[in-house]
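Peer 1: Have a look at this one.
The values are calculated or read from the model by the stated rules, or taken from the named source; none is laboratory data. On a predicted model such as this, the values are computed, not experimentally measured, just so you know. For neighbour counting, all protein chains shown are included, and Cβ atoms are generated from backbone atoms with ideal geometry for every residue, glycine included.
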Amino acid sequence: MNWIVNEHNILEILLVTFIVSVILVPIAKKVANHIGAIDMPNERKVHTKPMPRLGGIAIFGAFLVGYMLYGELTTQMISILIGSFIILLVGIFDDIKPIRARYKFLIQVIAALIVVIYGQLYFTEISFLGLNLKFNMLISYALSTLFIVAISNAINLIDGLDGLAGGVSSIYFATISVITIILNRVAGLDFMLSLILLGATFGFLVYNFPPAKIFMGDSGSLFLGFMISVIALVSFKVATLTSLVIPIVVLAIPIFDTILAIFRRLLKGESIGTPDKEHFHHQLLKLKFSPRVSIIIVYMINIMFSIVSIFYVIGHTKEAIVVYLLLMLLLLFLILKTDILYHHKEKKKRG
């Protein structure tokens, strides 16, 4: 970025991308209604009336405008634009007519490889708690590709309540933005991407916070997950983040939810891609929390992890690790209060 960043630039980026997103969401809603990209209610859905999807188009559009106004053209950025556009396209097609999981997975891998190989964004080493693991090129490529695909799907999986995926993503973008400001690395690509996407996602949340008027659909959740993972890779490249712990703990709930969903479906003898109504946010609803209170609980847990992550980065490592462990125990306690790992037959036996 070839301009000096100050509080005026930051506010300008947030305001411009927010306004563009707010303007584009109603257009995306009309397009969704016109082409039949509608999320119909069923036994595993929380909503009770047909809801237009494709909110992801508005988020991507605001992101694109923000980049054109404030970004600069580099090989890394070209790879990110190509990869994210591929992800957006597969999400749009899936929002209109569901695509088989294996094909979505293959396309996600291709998009990830574009960023990893062409954009040269990948982990070369992982450091945590004094451990320092270094990888050769092939393993670095494989791990980074897996990371992008995993985070993309983690955000996609939690997109089951109004405002949930958008809110969790916003907290992540805000956390990276704050960290880069504290470390005085606001000239980096990770700061620019985080700030633009924060404004774009906030604009979408105007229409998606409960009661929602539109869903982001796979076009939005896969795109946001893709960009979250890309920003983490960029941050490693420019040394904003020196530990994998930051993106993992800030995304603790989506990652926990994804891991538990995989185990749950394996216990059922189902494919890990089989959808169900047993995710963490569903469990909060079963505990008699309202949808609005449920997402606020998730927000608060994520914000606590984010605050501790900021302290971790600025040097309070030992204290942060202790609080991380306490928060993990709290999250584990909440999970154990649910039946998130039980399948239906076991529930009937217990009843």
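Peer 1: Hey, Leu73 hits all of (1) assigned to a helix (DSSP H, G or I); (2) of a type in the set (A, V, I, L, M); (3) without any contact (Cβ under 8 Å) to a residue 40 or more places away in the chain but one; which does it fall short on?
Peer 2: Here Leu73 meets the rest and fails (1).
Peer 1: Can you run down the residue pairs with Cβ atoms below 6 Å, 6 or more apart or on separate chains, where the first is in segment 185-209 and free of Cβ contacts under 8 Å to residues at least 40 places away in the same chain and within 15 Å of Ser169 (Cβ to Cβ) and the partner is assigned to a helix (DSSP H, G or I) and of a type in the set (A, V, I, L, M)?
Peer 2: That search, which allows pairs on different chains as well, returns Ser194/Ile176; Ser194/Ile231.
Peer 1: Residue check, Glu278 against (1) touching a Lys or Arg at 6+ places or on another chain (Cβ under 9 Å); (2) surrounded by fewer than 16 Cβ atoms within 10 Å (Cβ to Cβ); (3) not hydroxyl-bearing (Ser, Thr, Tyr), all met but one. Which one?
Peer 2: In the conditions (1) touching a Lys or Arg at 6+ places or on another chain (Cβ under 9 Å); (2) surrounded by fewer than 16 Cβ atoms within 10 Å (Cβ to Cβ); (3) not hydroxyl-bearing (Ser, Thr, Tyr), Glu278 misses (2) alone.
Peer 1: Among (1) in a helix (DSSP H, G or I); (2) among the β-branched types (Val, Ile, Thr); (3) more than 30 Å from Ala37 (Cβ to Cβ), which single condition is Thr201 missing?
Peer 2: So the condition that Thr201 fails would be (3).
Peer 1: Going through Val245, Val250, Val238 one at a time, which residue ends up being at pLDDT below 95 and touching a strand residue (DSSP E or B) at 6+ places or on another chain (Cβ under 8 Å)?
Peer 2: Values: Val250 fails: touching a strand residue (DSSP E or B) at 6+ places or on another chain (Cβ under 8 Å); Val238 fails: touching a strand residue (DSSP E or B) at 6+ places or on another chain (Cβ under 8 Å).
Exactly one residue qualifies, and that residue is Val245.
Peer 1: Regarding Phe223, is this residue under 30 Å from Asn33 (Cα atoms) and either assigned to a helix (DSSP H, G or I) or among the polar types (S, T, N, Q) (or both)? Step through it out loud before you land on a result.
Peer 2: Numbers: under 30 Å from Asn33 (Cα atoms): yes; either assigned to a helix (DSSP H, G or I) or among the polar types (S, T, N, Q) (or both): yes.
Yes, satisfied.
Peer 1: Which one is nearest to Ile13 (Cα to Cα) among residues in segment 200-228 that are crowded, with 24+ Cβ neighbours inside 10 Å and either out of contact with any helix residue (DSSP H, G or I) (no Cβ under 9 Å at 6 or more places or on another chain) or among the hydroxyl-bearing types (Ser, Thr, Tyr) (or both)?
Peer 2: Looking at the filtered set, the residue picked out is Thr201.
Peer 1: Exactly one of (1) outside any helix (DSSP H, G or I); (2) surrounded by 24 or more Cβ atoms within 10 Å (Cβ to Cβ) is unmet by Ser194. Its number?
Peer 2: The single condition Ser194 does not satisfy is (1).
Peer 1: Something else about it: Test Glu278 against the criterion of being of a type outside the set (A, V, I, L, M, F, W, C), over 19 Å from the mean Cα position of the chain (by Cα) and either assigned to a loop (DSSP other than H, G, I, E, B) or modelled with pLDDT under 80 (or both), and give yes or no. Steps first, answer last, please.
Peer 2: On the way: of a type outside the set (A, V, I, L, M, F, W, C): yes; over 19 Å from the mean Cα position of the chain (by Cα): yes; either assigned to a loop (DSSP other than H, G, I, E, B) or modelled with pLDDT under 80 (or both): yes.
Yes: the conditions hold for Glu278.
Peer 1: Now, a different point. Just need a number here: residues in segment 308-324 that are buried (at least 16 other Cβ atoms within 10 Å of the Cβ) and aliphatic (A, V, I, L, M).
Peer 2: Matching residues across segment 308-324 total 5.
Peer 1: Please state which of the following conditions Ile295 fails to meet, knowing it meets all the rest: (1) more than 19 Å from Asn208 (Cα to Cα); (2) buried (at least 18 other Cβ atoms within 10 Å of the Cβ).
Peer 2: (1)
Peer 1: Shifting gears a bit: Do we find a residue being crowded, with 18+ Cβ neighbours inside 10 Å and closer than 13 Å to Phe226 by Cα anywhere in segment 67-75?
Peer 2: Checked against the condition, which is being crowded, with 18+ Cβ neighbours inside 10 Å and closer than 13 Å to Phe226 by Cα, segment 67-75 yields no hits at all.
Peer 1: Condition first: outside any helix (DSSP H, G or I), among the small types (Gly, Ala, Ser) and farther than 18 Å from Thr17 by Cβ. Can you find one or more residues in segment 181-190 that meet it? Spell out how you get there, then give the answer.
Peer 2: Kept after step one, since they are outside any helix (DSSP H, G or I), are these residues of segment 181-190: 183-188.
Filter again for among the small types (Gly, Ala, Ser), leaving 187-188.
Keeping just the survivors that are farther than 18 Å from Thr17 by Cβ gives 187.
Looking through segment 181-190, at least one residue is outside any helix (DSSP H, G or I), among the small types (Gly, Ala, Ser) and farther than 18 Å from Thr17 by Cβ.
Peer 1: Scanning segment 164-174 for residues that are surrounded by fewer than 24 Cβ atoms within 10 Å (Cβ to Cβ) and touching a residue at least 60 places away in the same chain (Cβ under 8 Å), which turns out nearest to Gly217 (Cα to Cα)?
Peer 2: Only one residue tops the list, namely Gly167.
Peer 1: Separate question: Is there a residue in segment 132-153 that is buried (at least 24 other Cβ atoms within 10 Å of the Cβ) and among the aliphatic types (A, V, I, L, M)?
Peer 2: Yes, segment 132-153 has at least one match.
Peer 1: Which residues, taken from segment 141-163, are in contact (Cβ under 8 Å) with a residue 40 or more places away in the chain and part of a helix (DSSP H, G or I)? Reasoning before the result, please.
Peer 2: Residues of segment 141-163 in contact (Cβ under 8 Å) with a residue 40 or more places away in the chain: 144, 147-163.
Within segment 141-163, Ser144, Phe147, Ile148, Val149, Ala150, Ile151, Ser152, Asn153, Ala154, Ile155, Asn156, Leu157 qualify.
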